[in-house]
Amino acid sequence: GDRGDWVLFHPVYTPSELKAVQVLRHKPENLRDRAAAFFVRSLRKGFDIFSGYRHKPIPEGSTMSLEELRKKGHVLTESQWMTRILFLETIAGVPGFFAAMIRHLKGLRAMV
């Protein structure tokens, strides 16, 4: 049927295009860069530990089923992914909530 013009285009990439993507990192140049990098790595490591995430690469040429990969800790279950995502979204909402609360309180003080 008619899907309408509101449907967004979803590009499909070939496996070779996906493998061509390179992850680049900024090399820390001074103490401030090193401190920021350490802070971000620490937050990520803490989040991984708290949410139960462990990166365990799938062995090259593996013919294990998805269930076997999950049992050996290579792939998270749906429940584990949901726990990780919900935790991340909960934490991500805190700064916005805090900023909105501060703005609201400033507005209340301005009314007096």
Considering the chain as a Gaussian network with a 10 Å cut-off on Cα pairs, which listed residue, P95, P57, P11, attains the greatest mean-square fluctuation?
P11
Measuring from the longest principal axis of the C-alpha atoms of the chain, the long axis of helix 78-111 (C-alpha) lies at a number of degrees, nearest 10, equal to 10 degrees
About the Cα centre of the chain, how large is the charge dipole given +1 on each Lys and Arg Cβ and -1 on each Asp and Glu Cβ? Please answer in debye to the nearest 20.
720 debye
Quantify, in whole percent, the carbon and sulfur part of the accessible surface of the range 1-60 (1.4 Å probe; protein heavy atoms only).
61 percent
Return the distance in nm (one decimal) between the two label points of a simple spin-label model at W81 and I58, each offset 7 Å from Cα along Cα→Cβ.
1.2 nm
Gaussian network model of the chain, Cα within-10 Å springs - most flexible of G46, G61, G93:
G61
How many lysine pairs in the chain, separated by 8 or more positions in sequence or lying on different chains, have Cα atoms less than 22 Å apart?
6
So what's the back-of-envelope 222 nm ellipticity for the chain, counting only DSSP H runs of four-plus at -39500 (n - 2.57) apiece and dividing by all residues, rounded to 500?
-19500 deg cm²/dmol
Given a 10 angstrom Cα cut-off, can you work out which residue in A37, A92, A20 is the most mobile in a GNM of the chain?
A20
I need to check one value: relative contact order of the chain, counting alpha carbon pairs closer than 8 Å and at least 6 residues apart, in percent.
17 percent
Pull out the extension gain between S16 and L105, defined as 0.36 nm times the separation in residues minus the alpha carbon to alpha carbon distance; nm, one decimal.
26.8 nm
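The values are calculated or read from the model by the stated rules, or taken from the named source; none is laboratory data. Worth saying up front: this structure is predicted, and the values here are computed from it rather than measured. No Cβ is skipped: glycine too gets one built from the backbone with ideal geometry, and neighbour counts run over all protein chains shown. Ligands, DNA and RNA are excluded from the accessible area calculation, which covers all protein heavy atoms including side chains. Shrake-Rupley method; radii C 1.70, N 1.55, O 1.52, S 1.80 Å.
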